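Take a look at the structure set out below.
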Amino acid sequence: MHEWALADGILKTVLEFAEKHNAKSVKKVTIVLGELQDVELEIVEFALNEMKKGTIAQNAEFSFKEEEAIFKCRNCGYTWKLKDVENKLNGEMREDIHFVPDVVHTFISCPKCGSRDFEVVKGRGVYISEIVVED
Amino acid sequence: MIDPRVKAIEERTKDVKRIIPVVSGKGGVGKSLVSATLSLILKDMGYKVGLLDLDFHGASAHIILNADISKLPEEEKGVIPPEVEGFKFMSIVFYSEDKATPLRGIEISDALIELMAITRWNTLDFLIIDMPPGMGDQLLDILRFLKRGEFVVVATPSPLTINVVQKLLSLLIEQKMKILGIIENMVRDLSTIKKIAAEKNVEYLGEVKFDPNIDRSIGRAKDILTTNFGRDIKKIAEKISRSGDY
């Protein structure tokens, strides 16, 4: 799964942050998982727990928050959620979006005016919202 | 908020010896054909090659190579770029199902970062990047994330190209990027780009004669190599392969 690639990026970013702050260890990391990318939390968690061994993050607690995907049309201003348009997406499309969330513009349009010029306001992909280190 | 994908990009390209973005100021100068043909020739010369099509709005490398894009690239701790004509190939078309993908700047940048963060090139001698024309998001992201890129600039002798090429070269020079040189494509009689290369102190990699028959070879990779276009690019590929310091 490409979740491993994401987990690898998360851990390397955390370790770089800790190094920059001359931290002794990493205590806690909070990761936000956007609904649109639909990554498997269990795999990211497993990969992180495997990869953190032998690093200063080996005792860190990784916690996850799932974020609902919200879209806003740039043309008419309408706001909608992923679940409102889920019936427009088949399994293959969901898989495409899983790898490159931005291709959502290929598959859905504004439910009100039909424009494909919309913003993913929240819940696009994976990011780190908090890193707690020990000095 | 910290984006963890940026670190992943470094990791994914760490075993790539040389990264060559193929750029131009203007569209329609033959970047995609030059990129795909360079990849084919370097592979034939025995090198391990990857081709990344970053021209999201005008992706065409898969058309030139007649690549099968019906299946998603295989997943294994990332994504393994499929082999096409003996080299590794990655393009957004695998994920957009080759449909129109209207993206604005931030979305282009996000898609680029995502593709680069998940694609496992492993060991390569050359990663050729087919760039969109101009100085927009993709070029700025390459300047930001792939500082060791060695740029190949494609231009044509048209007076419409010259002014834009001068600006592009000025930007790359100002940003202290390594420029391998300029390819002058679609030359009918007189070269105009040699003078620009000399003025900017950039290597003139060679001229590629205008080949009226090249369109007939699109989609048949082997045929491209036997065209006059293919033969001219071969001389340039040999020059590029010799220019490495390893």
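The values are calculated or read from the model by the stated rules, or taken from the named source; none is laboratory data. No experiment lies behind these values; they were computed from the predicted model shown. Using ideal geometry, Cβ is built from the backbone for each residue, glycine included, and neighbour counts are taken over all protein chains shown. Areas reflect the complete protein model, heavy atoms only, side chains present, ligands, DNA and RNA absent. Shrake-Rupley method; radii C 1.70, N 1.55, O 1.52, S 1.80 Å.
Side notes on the structure shown:
- Some residue of region B:6-22 being in a loop (DSSP other than H, G, I, E, B) and under 17 Å from B:G219 (Cα atoms): no
- Candidate set: region A:117-129, residues that are in contact with a Lys or Arg (Cβ under 7 Å, 6 or more places away or on another chain) and more than 8 Å from every other protein chain (Cβ to nearest Cβ); chosen: the one surrounded by the most Cβ atoms within 10 Å (Cβ to Cβ): A:F118
- Just one of (1) in contact with a strand residue (DSSP E or B) (Cβ under 6 Å, 6 or more places away or on another chain); (2) at pLDDT 95 or above fails for A:N75. It is (1).
- Boolean, A:L11 is away from every other protein chain (no Cβ under 11 Å), closer than 26 Å to B:P73 by Cβ and open to solvent by less than 80 Å² (accessible area, probe 1.4 Å): no
- Near pairs, Cβ below 9 angstrom, 6+ apart or cross-chain, from region A:120-135 (free of Cβ contacts under 8 Å to residues at least 60 places away in the same chain) to any residue that is open to solvent by 40 Å² or more (accessible area, probe 1.4 Å) and of a type in the set (V, I, T): A:V121/A:T79
- A Cβ distance below 7 Å, combined with a sequence gap of six or more or placement on separate chains, defines the contacts here; from region A:66-78, residues that are of a type in the set (F, W, Y) reach residues that are open to solvent by less than 30 Å² (accessible area, probe 1.4 Å) in the pairs A:F71/A:W80; A:F71/A:F118; A:Y78/A:C110.
- Only one entry of B:K43, B:K88 meets the criterion of being open to solvent by 10 Å² or more (accessible area, probe 1.4 Å), more than 14 Å from chain A (Cβ to nearest Cβ) and either part of a loop (DSSP other than H, G, I, E, B) or in contact with a Lys or Arg (Cβ under 9 Å, 6 or more places away or on another chain) (or both), and that entry is B:K88.
- Residue list for region A:23-71, restricted to those being β-branched (V, I, T) and away from chain B (no Cβ under 12 Å): A:V26, A:T55, A:I56, A:I70
- Residues satisfying the stated conditions in region A:104-135, i.e. touching a His at 6+ places or on another chain (Cβ under 7 Å) and part of a loop (DSSP other than H, G, I, E, B): A:R116
- Residue that is farthest from the other protein chains (Cβ to nearest Cβ), among those in region A:72-94 that are in a helix (DSSP H, G or I) and open to solvent by less than 80 Å² (accessible area, probe 1.4 Å): A:E86
- Per this entry, B:K99 is counted among residues that are basic (K, R), facing chain A (nearest Cβ under 8 Å) and closer than 18 Å to A:M93 by Cα.
- The combined condition, being at pLDDT 95 or above and acidic (D, E), is not fulfilled by A:E134.
- Qualifying residue in region A:103-116 (condition: within 14 Å of chain B (Cβ to nearest Cβ), without any contact (Cβ under 8 Å) to a residue 40 or more places away in the chain, in contact with a Pro (Cβ under 9 Å, 6 or more places away or on another chain) and among the hydroxyl-bearing types (S, T, Y)): yes
- Residues that are over 19 Å from B:E150 (Cα atoms), away from chain A (no Cβ under 14 Å) and open to solvent by less than 10 Å² (accessible area, probe 1.4 Å) within region B:1-28 are absent altogether.
- B:I63 being out of contact with any Ser or Thr (no Cβ under 7 Å at 6 or more places or on another chain) and under 15 Å from B:G219 (Cα atoms): yes
- Count of region B:117-145 residues which are in contact with a helix residue (DSSP H, G or I) (Cβ under 8 Å, 6 or more places away or on another chain), hydrophobic (A, V, I, L, M, F, W, C) and not in a helix (DSSP H, G or I): 6
- Residue in region B:205-216 that is among the aromatic types (F, W, Y), under 17 Å from the mean Cα position of the chain (by Cα) and modelled with pLDDT of 95 or more present: no
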